[in-house]
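A short write-up of the structure that comes next.
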Amino acid sequence: MSIEDKLARARAGLDRVDPERAAALQREGALVVDIRPHANRLAEGEIPDAVVVERIVLEWRLDPHGDHRLPDLTAETPVVIVCNEGYASSLAAADAQELGLHRATDLVGGFRAWKSSGLPVVAGGSPAVP
């Protein structure tokens with residue numbers, strides 16, 4: 001299977017959201033998870049109130065039944081995963097769904113689409129959740 005096939009398969013199971021819908025979901029209580037590398041967050045900024053989780057530990061933090069999950073995370077928590085341009089986040093959201101987060105999805109176009117849409121951005125470089 002090629003990465004393009006894997007990406008298409010991941011996206012087939014997602015109800016991907018555009019930046020405006022992601023912002024609305026966040027206002028309604030959805031958890032926005034930023035998986036971008038520190039260098040990108042530092043250079044480009046961050047979505048206010050997004051939780052930064054390094055990709056290497058993402059599944060442990062998003063397992064709604066795991067001992068290392070994010071505080072207050074349940075299988076019913078809506079989650080929007082954000083990467084730079086919306087590719088890695090699709091794969092990560094599909095993984096989150098497999099773990100039991102049935103309302104996990106990702107942001108079409110990633111952080112860069114959010115920023116170019118004129119939605120709020122704050123200075124970057126926040127530490128990731130340990």
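If the condition is being among the hydrophobic types (A, V, I, L, M, F, W, C) and either surrounded by fewer than 19 Cβ atoms within 10 Å (Cβ to Cβ) or over 20 Å from Ile3 (Cβ atoms) (or both), then the range 92-102 contributes Leu99, Leu101. In the range 55-63 there is no residue matching the filter, namely being within 19 Å of Leu25 (Cβ to Cβ) and either outside any helix (DSSP H, G or I) or touching a Ser or Thr at 6+ places or on another chain (Cβ under 8 Å) (or both). For the residues Thr77, Thr105, the requirement of being open to solvent by less than 30 Å² (accessible area, probe 1.4 Å), of a type in the set (Ser, Thr, Tyr) and assigned to a loop (DSSP other than H, G, I, E, B) singles out Thr77.
Per-residue answers, yes or no, for (1) more than 16 Å from Asp106 (Cα to Cα); (2) touching a strand residue (DSSP E or B) at 6+ places or on another chain (Cβ under 6 Å); (3) modelled with pLDDT under 95:
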{"site": "Ala24", "(1), (2), (3)": "no, no, no"}
{"site": "Gly29", "(1), (2), (3)": "no, no, no"}
{"site": "His38", "(1), (2), (3)": "yes, no, no"}
{"site": "Ile47", "(1), (2), (3)": "no, yes, no"}
{"site": "Val52", "(1), (2), (3)": "no, yes, no"}
{"site": "Pro64", "(1), (2), (3)": "yes, no, no"}
{"site": "Thr74", "(1), (2), (3)": "yes, no, no"}
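Considering each residue of the range 19-29 in turn, none proves to be open to solvent by 20 Å² or more (accessible area, probe 1.4 Å), under 11 Å from the mean Cα position of the chain (by Cα) and closer than 19 Å to Arg112 by Cβ. Note on the range 1-22: residues that are modelled with pLDDT of 95 or more and not in a helix (DSSP H, G or I) amount to 7.
The values are calculated or read from the model by the stated rules, or taken from the named source; none is laboratory data. Owing to the predicted nature of the structure, the values given are computational and were not obtained by experimental measurement. As a convention, Cβ positions derive from the backbone with ideal geometry for all residues, glycine included, and neighbour counts pool all protein chains shown. When the accessible area is computed, the model is the full protein with side chains, heavy atoms only, and any ligands, DNA or RNA have been set aside. Shrake-Rupley method; radii C 1.70, N 1.55, O 1.52, S 1.80 Å.
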